[in-house]
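Worksheet: one structure, shown below.
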């Protein structure tokens, strides 16, 4: 899925990337590659659902007099891909901790036609634009997350309209997506604080020290290499990440397993535990996606 926020679902940071008014007062950039019809239905179900929602959003915005360009589904960043330890040597050798990919995303965002169009919107028209996409007020949809935080969103606007058209039960979709996203963060926190993970970090740290890197944990190694105020050379970042990946597969003397194996095992364990504790949202999300997929394929095949 794309980058999910508390305000939006699959509309890829729409409050920042949305369109401007199409009444002649704003200049629209040229549509990028693939903006026309003739899209092929992907075998990737998540991609199909994302693209269908984007097409519905585009249709809704154009009906309201705005322009919108279909957003690509955003790839996971390095921290999301490796929440516990970088354990893919080939990936580390190419990307380090992924700051090169982050920079590419930032450059793409600067060229994004939706952002360009939004920036060209007169200030007095921007509120109406955001209301068109997000709805006038964050009310109509509400859910309390497992951590106690109450999350709300408008049940009006083009985001809501697109999701309602695709998933039908908008309230159930909102609840399922918000809670399952929250559970993902809970799962990572549970793994990182588990004594078995912490025990496996110790031999990893010894391995790293032997390679010349005195970092007590993968999180601290990543933090050192990705500080925004102290940018590392890519080659230096790659060397550290490659050492981390090598040590992630280095087994412990106690026989408890290497850090990569322990982290994956704990992740699966806590995923299953949270699914047992919160069966409804997970099952609802799977059902809603499954039921929406035939509609999504039809929408994508139809194109713009």
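What the table below lists for this structure:
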| quantity | calculated |
| --- | --- |
| Extreme residue, surrounded by the most Cβ atoms within 10 Å (Cβ to Cβ), among residues of region 246-286 that are farther than 22 Å from residue 187 by Cα and modelled with pLDDT of 95 or more | 247 |
| Qualifying positions in region 146-177 - touching a residue at least 24 places away in the same chain (Cβ under 8 Å), crowded, with 18+ Cβ neighbours inside 10 Å and not in a helix (DSSP H, G or I) | 151, 153 |
| Region 71-98, residues that are at pLDDT below 95, crowded, with 18+ Cβ neighbours inside 10 Å and not in a loop (DSSP other than H, G, I, E, B) | 78 |
| Cβ pairs under 8 Å, 6+ apart, first in region 205-218 and modelled with pLDDT of 95 or more, second assigned to a loop (DSSP other than H, G, I, E, B) and exposed (fewer than 13 other Cβ atoms within 10 Å of the Cβ) | 208/214 |
| Number of positions in region 23-63 that are over 24 Å from the mean Cα position of the chain (by Cα) and modelled with pLDDT of 95 or more | 2 |
| Residues located in region 99-119, provided they are surrounded by 12 or more Cβ atoms within 10 Å (Cβ to Cβ) and either in contact with a strand residue (DSSP E or B) (Cβ under 9 Å, 6 or more places away or on another chain) or closer than 15 Å to residue 71 by Cα (or both) | 105, 108, 109, 112, 113, 114, 115, 116, 117, 118 |
| Residues that are outside any helix (DSSP H, G or I) and without any contact (Cβ under 8 Å) to a residue 40 or more places away in the chain, drawn from region 122-142 | 123, 124, 135, 136, 137, 139, 140, 141, 142 |
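The values are calculated or read from the model by the stated rules, or taken from the named source; none is laboratory data. All values reported here derive from a predicted model rather than from experimental measurement. With ideal geometry, Cβ positions are generated from the backbone for all residues, glycine too; neighbour counts draw on all protein chains shown.
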